[in-house]
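The values are calculated or read from the model by the stated rules, or taken from the named source; none is laboratory data. Given the structure is predicted, the values throughout are model-derived calculations rather than measurements. Counting neighbours? That spans all protein chains shown, and the Cβs are built from the backbone with ideal geometry, glycine included.
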Amino acid sequence: MKRASARNDLKDPAYLFYSKAGGTKYAATQIGLNIKDNLAPTGKDRYFDGKVAVEGGTAGLVTCRDQSKVFSKDRKTNKVYRDDPHAKRNASRYTMRLEKGAAGVWKVSSVYVTEGVKECRP
């Protein structure tokens, strides 16, 4: 998703390959917002405390995400917009469902995000 946003490419093959259904819809929405506002991501994105449960051809992944050092950069001016480091999005929990495809590749099929999670604070 970050690569697609950085490249301003809603048809980027990487996120399309590793997602399906709701996962693709979530990613396309996020990428589309960056494209619409002419922004690209910059900075350091951190995921931590990941937990995975696998059952057959499906898996659940729950992880925390710290975006306190991720910023948006205007593509035309290169101006970087810095958010409040204590913003809710800096302590988010991602709950994802993955499905194993015929080629053995795990694809994200749904994403649910909860912002402002105390346990996910950096």
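Considering each residue of the stretch 1-21, count those that are farther than 20 Å from A103 by Cα and part of a helix (DSSP H, G or I), and give that number.
6
Listed residues A40, A59, A6; which is more than 18 Å from C120 (Cα to Cα) and modelled with pLDDT of 95 or more?
A59
Restricting to the stretch 2-24, name every residue that is aromatic (F, W, Y) and either in contact with a helix residue (DSSP H, G or I) (Cβ under 8 Å, 6 or more places away or on another chain) or under 14 Å from V111 (Cβ atoms) (or both). Reasoning before the result, please.
Here is the first cut: in the stretch 2-24, the ones aromatic (F, W, Y) are 15, 17-18.
Listed by number, the residues that qualify are Y15, Y18.
Checking the condition modelled with pLDDT of 90 or more, within 17 Å of K107 (Cβ to Cβ) and not in a strand (DSSP E or B), which residue from I35, I31 passes?
I31
Residues of the stretch 8-49 being farther than 18 Å from S68 by Cα, exposed (fewer than 14 other Cβ atoms within 10 Å of the Cβ) and touching a residue at least 12 places away in the same chain (Cβ under 8 Å), which ones?
Answer for the stretch 8-49, where residues must be farther than 18 Å from S68 by Cα, exposed (fewer than 14 other Cβ atoms within 10 Å of the Cβ) and touching a residue at least 12 places away in the same chain (Cβ under 8 Å): F17, A21, G32, D37, N38.
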